[in-house]
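Working notes for the structure below.
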Amino acid sequence: MLRGRIVATGSYVPENVVTNHDLEKIIDTSDEWITERTGIKERRVVNGDQATSDLAFEAASIALKRAHLRPKDIDLIIVATITADMAFPSTACILQDRLGAKNAAAFDINAACSGFIYGLHIANGLIRSGIHTKVLLVGAEVLSKVTDWQDRTTCILFGDGAGAAILEATKEKRGVCSTHISSDGSLGDLIRLPGGGSRNPCSKETILKRLNYIKMKGNETFKVAVRTLEELVTRTLADNSLEPSQLSLLIPHQANIRIIQATAKRLGMPIEKVFVNIDKYGNTSAASVPIALDEAVQTGRIQDGDYILLEAFGGGLTWASSLVRW
Ligand code: COA
């Protein structure tokens with residue numbers, strides 16, 4: 001049976017660091033509050049002219065080099081993002097051109113913070129069915145440009161970055177063992193960006209109402225996230241007939257350290273077996289899981305044969321997980 005195997009990863013974050021102390025100067029907050037409630041100490045923010053495809057290009061180029069592949073070897077590019085360079089062409093098409101990946105089909109997907117694992121679901125499905133063999137999957141975001149820097153309840157949370165993975169078809173018993181994706185559109189109001197689409201097209205009025213920025217009901221989102229993720233990780237292990245002790249690493253979406261701790265506790269996993277980098281980057285939405293995955297690989301936290309569990313929760317609402325054998 002064919003399955004997708006992640007043969008290489010790459011990631012990129014902008015150089016510009018914004019610390020909690022920097023935020024203390026522009027909004028009514030404190031390093032202590034942000035650290036205690038979220039686990040975030042700093043985040044990366046692009047300079048003015050950098051867009052999502054620029055970050056995606058850097059991460060993808062690293063992953064391609066590590067996979068010893070040329071861009072023209074890739075037959076599909078998927079970019080997961082909620083901060084596309086523009087409505088169209090897709091960021092994936094812009095990336096395809098920049099890479100010179102002439103033989104690839106390219107499209108974007110929007111599943112907010114769950115986007116990378118949704119992408120893994122699609123990529124793995126297309127590989128299993130024999131339709132594609134070499135897929136470049138990227139999660140990339142420039143959230144700083146849709147963040148309301150006057151809203152202390154959201155602006156402390158987000159950061160910019162990109163992560164990439166290359167999947168190849170394999171007949172070995174390793175790679176993506178399972179993917180699980182879910183949605184609940186009835187809770188879409190909890191986190192959204194209402195302006196700039198066909199409902200509230202960009203206008204002087206939408207700008208004045210600040211509809212071009214992320215709105216979030218943080219506390220309600222938090223409760224749904226904890227409940228949903230606890231159930232999701234338990235189901236993912238059960239579907240693979242695995243015990244939590246057989247997992248080498250949990251790689252969660254980096255939204256809030258308290259959500260991560262609650263999920264780990266539910267699995268009975270010691271925090272040493274959970275990958276955490278929220279302190280450095282904040283919540284980078286679709287980029288969060290692939291950046292964490294890449295850092296885990298590069299720092300030797302994942303070895304051949306390891307079982308790792310990826311999970312995420314985000315706007316839509318959407319949630320997703322994947323069990324991967326490295
Ligand atoms: N600095 C200082 N105080 C702040 C603050 C800030 N940056 N932001 C909010 N507060 C205040 C609130 O005004 C409130 O004050 P009040 O009690 O006087 O009304 C108090 O802190 C508590 O606010 P609350 O929203 O209940 O805090 P919280 O513990 O829920 O933490 C979040 C807020 C946003 C950190 C948390 O809810 C969260 O992480 N939510 C989920 C995020 C998420 O998963 N997003 C979607 C998936 S990507």
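Ellipsoid semi-axes for segment 1-115, based on the Cα gyration tensor and the rule √(5λ), read 33, 16, 14 Å when sorted largest first.
Binning the C-alpha pair distances of segment 226-306 at 5 Å intervals from 0 yields a P(r) profile of 3, 15, 26, 26, 21, 9, 1 %, listed from the shortest bin outward. The Kirkwood hydrodynamic radius of segment 206-267, based on inverse pair distances between different Cα atoms, is 13.6 Å. Using the Cβ-Cβ distance between H68 and L208 with R0 = 51 Å, the FRET efficiency computed as 1/(1 + (r/R0)^6) comes to roughly 0.45. Across the chain, the volume of the C-alpha convex hull divided among the residues equals 128 Å³ per residue. Here Q150 and S182 are evaluated by their C-beta separation; at R0 = 35 Å the FRET efficiency comes out at 0.55.
The alpha carbon centroids of segment 185-248 and segment 121-153 are separated by 14 Å.
Arrange the peptides 57-70, 181-194 so that the one whose residues have, on average, the most other Cβ atoms within 10 Å appears first.
Answer by packing, highest mean first, reads 57-70, 181-194.
Within the straight-line cut-off of under 20 Å between alpha carbons, the aspartates and glutamates reachable from K273 are E230, E231, E243, D294, E295, D304, D306, E311, sequence neighbours fewer than 8 places apart in one chain being disregarded. Note on the chain: with a GNM built from Cα contacts shorter than 10 Å, the maximum mean-square fluctuation among F107, F158, F88 falls on F88.
Sorted from fewest to most neighbouring beta carbons within 10 Å, what does the list E220, E32 look like? Let's see the in-between values first.
On the way: E220 13, E32 10.
If I rank by nearby Cβ atoms, fewest first, I get E32, E220.
Among the complete DSSP H segments of the chain, which ones combine at least 20 Å of alpha-carbon extent along their axis with a mean Kyte-Doolittle hydropathy of -0.5 or more? Mind dumping the intermediate values first?
Details: long enough: 52-66 (22 Å, 0.29); 218-239 (31 Å, -0.15).
Within the chain the helices that satisfy the rule are 52-66, 218-239.
Among H180, H21, the order by Cβ neighbours within 10 angstrom, fewest to most, reads H21, H180.
Dividing the alpha-carbon radius of gyration of segment 177-325 by the rule-of-thumb value 2.2 N^0.38 Å gives 1.15.
In this structure, the residue pairs whose Cα-Cα separation is over 20 Å, taken from K25/K209; K65/K134; K223/K265; K145/K223; K145/K209, are K25/K209; K145/K223.
Where a number appears in this text, it was derived from the coordinates with a stated rule and is not lab data. Everything numeric here is computed off the predicted structure, so don't read it as measured data. Please note: Cβ atoms are built from the backbone with ideal geometry, for glycine as well, and neighbour counts cover all protein chains shown.
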